[in-house]
Amino acid sequence: MSYSVYFKYGGKKYKLPVNPEEIKRSRELNIENYQVLGTGQVSVPSYYNLEEFSFEAEFPSQDYHYMNSGARADADYYEKMFRKAQKNMKPVRFIASNDITDDISMMVLVKSVEAVEKAGEEGDKYLTIKLQEYKAPGKRYVVVPTTESTAIKQEEAPKEPESNPAVTDDKTHT
């Protein structure tokens with residue numbers, strides 16, 4: 001059983017050096033409440049909010065025996081990646097695999113990055129990361145209805161010749 005957390009950003013794959021103890025996953029349903037006369041309050045579900053993830057993980061600055069294989073021992077390397085993705089407002093692929101249940105694999109935005117450096121562990125950092133599901137805005141096309149009778153009336157209407165009252169035929173002026 002191998003548990004792994006990855007991020008893909010800028011053509012690179014970042015494997016977390018130490019797995020987080022827990023990954024919090026939440027999604028809320030937006031519910032609108034209305035007061036109906038004589039009946040009382042009713043609630044109407046309207047839409048799901050985007051999914052959010054949060055976790056805290058250790059990012060060592062040197063190799064330790066408990067680090068995941070294939071990960072770098074460079075806390076600044078990971079922090080810079082998260083902050084760059086946040087600053088550039090670019091989505092990142094978030095992958096969490098546990099080989100038991102369905103894996104998480106989705107595009108997310110880095111909502112916040114909090115770094116803590118503890119005394120006695122100089123160089124090591126503990127990052128608290130908050131992620132939000134990314135959905136790109138889609139194009140919307142709106143069809144403007146035209147009534148058939150309006151279109152026919154415009155086509156059938158006879159066009160009057162344009163006239164200029166200042167110009168008259170067969171008259172001379174001296």
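The values are calculated or read from the model by the stated rules, or taken from the named source; none is laboratory data. For clarity, every value in this text was computed on a predicted model and none was experimentally measured. FYI the Cβ positions are ideal-geometry reconstructions off the backbone, even for glycines, and counts take in every protein chain you see. Accessible surface areas use protein heavy atoms only, side chains included; no ligands, DNA or RNA. Shrake-Rupley method; radii C 1.70, N 1.55, O 1.52, S 1.80 Å.
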Can Ser2 be described as exposed (fewer than 10 other Cβ atoms within 10 Å of the Cβ), within 30 Å of Ala115 (Cβ to Cβ) and modelled with pLDDT under 90? yes
With within 30 Å of Phe82 (Cα to Cα), modelled with pLDDT under 85 and either surrounded by 10 or more Cβ atoms within 10 Å (Cβ to Cβ) or not acidic (Asp, Glu) (or both) as the only criterion, which of Lys139, Lys171, Lys135, Lys125 stands out? Lys139
Residue list for segment 72-109, restricted to those being in contact with a helix residue (DSSP H, G or I) (Cβ under 9 Å, 6 or more places away or on another chain) and over 16 Å from Tyr134 (Cβ atoms): Arg72
Single residue of segment 89-113 satisfying the filter (without any contact (Cβ under 8 Å) to a residue 24 or more places away in the chain and more than 20 Å from the chain's Cα centre (by Cα)) that is nearest to Arg27 (Cα to Cα): Asp102
Single unsatisfied condition, Pro60 versus (1) at pLDDT below 90; (2) in contact with an Asp or Glu (Cβ under 8 Å, 6 or more places away or on another chain): (1)
Going residue by residue through segment 54-61, is there one that turns out to be of a type in the set (D, E, K, R), within 30 Å of Ile31 (Cα to Cα), buried (at least 16 other Cβ atoms within 10 Å of the Cβ) and touching a strand residue (DSSP E or B) at 6+ places or on another chain (Cβ under 7 Å)? no
With segment 37-147 as the region, which strands (runs of 3 or more DSSP E) entirely inside it contain at least 2 residues that are within 16 Å of Ile23 (Cβ to Cβ) and out of contact with any Pro (no Cβ under 9 Å at 6 or more places or on another chain)? 52-59, 92-97, 104-116, 125-133
Out of the residues in segment 20-53 that are closer than 19 Å to Ile129 by Cα and aliphatic (A, V, I, L, M), which is most open to solvent (accessible area, probe 1.4 Å)? Leu50
What is the one condition in (1) closer than 23 Å to Gly123 by Cβ; (2) surrounded by 15 or more Cβ atoms within 10 Å (Cβ to Cβ); (3) modelled with pLDDT under 90 that Pro17 does not satisfy? (3)
